[in-house]
1. Is the shape of the chain rounded, prolate or oblate, going by the alpha carbon gyration tensor and its root eigenvalues a ≥ b ≥ c, with a/c under 1.5 for rounded and a/b larger than b/c for prolate?
2. Full-extension gain between Ser29 and Tyr14, please, as 0.36 nm times their residue separation minus the C-alpha to C-alpha distance.
3. Between Ser40 and Ala61, what's the calculated FRET efficiency when r is the beta-carbon distance and R0 is 22 Å? Round to 0.05.
4. Could you order peptides 77-89, 57-69 by the average number of other Cβ atoms within 10 Å of their residues, highest first?
5. Just the number, please: carbon plus sulfur as a percent of the accessible area of the chain, 1.4 Å probe, no ligands or DNA/RNA counted.
6. Suppose only helical runs count, i.e. DSSP H with n ≥ 4. What mean residue ellipticity at 222 nm does that imply for the chain under -39500 (n - 2.57) per run, divided by all residues and rounded to the nearest 500 deg cm²/dmol?
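The values are calculated or read from the model by the stated rules, or taken from the named source; none is laboratory data. Treat the numbers as computed from the prediction; the structure is a model and nothing was measured. Here Cβ is always computed from backbone atoms with ideal geometry, including for glycine, and neighbour counts include all displayed protein chains. We work out accessible area using only protein heavy atoms, side chains counted, and drop any ligands, DNA or RNA first. Shrake-Rupley method; radii C 1.70, N 1.55, O 1.52, S 1.80 Å.
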Amino acid sequence: YKEANGHCNVPKRYADNPALGTWVSNQRSLRRIMLEGKPSHMTPDRIQLLEDLGFDWHPPAGPNAKQEEQWRQRCRELEAYKAGEQIICRLLLKFLLNRNLSTQQCALVGGS
């Protein structure tokens, strides 16, 4: 679902996989029950596993849910772009530093 939609906000009534929609809804309920201090099958390890997948405990709901999800998706895309841009800058800097060091080494060896 995440690969196809870019998020883990499976609708409760997900037509393509009703069992998944129900399961996701139940995970949110189990976490809420656990946080209230009541007995629950939810555990901190399960919460972490879901969060590592990008699980959203409070997905957008109501009449503006689609616009809110689109906004969140754009934020995720911006975050990925920023991370990629930082990687490119680091690689470029490393390349330039290595190139500069190689030029200096050649000058020392060649005596120029």
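1. Prolate, since a/c reaches 1.5 and a/b exceeds b/c.
2. Contour length minus Cα-Cα distance gives 3.7 nm.
3. FRET efficiency, Ser40 to Ala61: 0.50.
4. With the highest mean Cβ count within 10 Å placed first, the list reads 57-69, 77-89.
5. C and S atoms contribute 59 percent here.
6. My calculation for the chain gives -23500 deg cm²/dmol from helical runs alone.
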